[in-house]
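Accompanying notes for the structure given below.
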Amino acid sequence: MRKSLVLSLTVLFVAAGFVAPLFAQGTAAAGGSEVAKWSIITAGFALAIAAAFGALGQSKGLSSAAEAIARNPSATGDIRFALILGLVLIESLVIYVLLVALILFFVKPFPV
C-alpha cells in the first residue's frame, strides 16, 4: 500500500514537472535586466536556506533544553532563559534575511 502511494505520488510530480512549462509565458512578455532576475533568484534561495537552517537550529535548541530540564528540574529558569534568548537570536537572523529578500524583490536596487 505504502509503496504504491509513494510510486503514484512520484509519477504525479514528474508528470506535473513535464506539463508545467506548457503554461509558461513567452520570452517577449518578460522584462527587466539579468541582474534583477538573478537577485530575485538569489534572494529566494537565501530565504529558503535561512528558514531551513533556522528551523533546524531551533529544533536542536528546543530538544536540548527539554533534555536539560528533564535531567535537572531545579535549573528550569536558567535553561528557559538561555533557550528563549537563543531562539530569539536565531529567529532574528531569519527575519534579517527576509528583510534583505524583500528589499531585493521590491525596491529594485539595480538599474533596469
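Read-outs: derived from the displayed coordinates by stated rules, not from any lab. Being a predicted model, the structure only gives us computed values, none of them experimental.
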Among the candidates Gly54, Gly44, Gly61, residue that is over 30 Å from Phe105 (Cα atoms) and in a helix (DSSP H, G or I):
Gly61
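Within region 60-82, identify whether any single residue is within 23 Å of the chain's Cα centre (by Cα) and among the polar types (S, T, N, Q), and answer yes or no. Outline the logic, then answer.
Taking region 60-82 first, the residues within 23 Å of the chain's Cα centre (by Cα) are 60-64.
From the residues that got through so far, the ones that are among the polar types (S, T, N, Q) too are 63-64.
For region 60-82, residues within 23 Å of the chain's Cα centre (by Cα) and among the polar types (S, T, N, Q): present.
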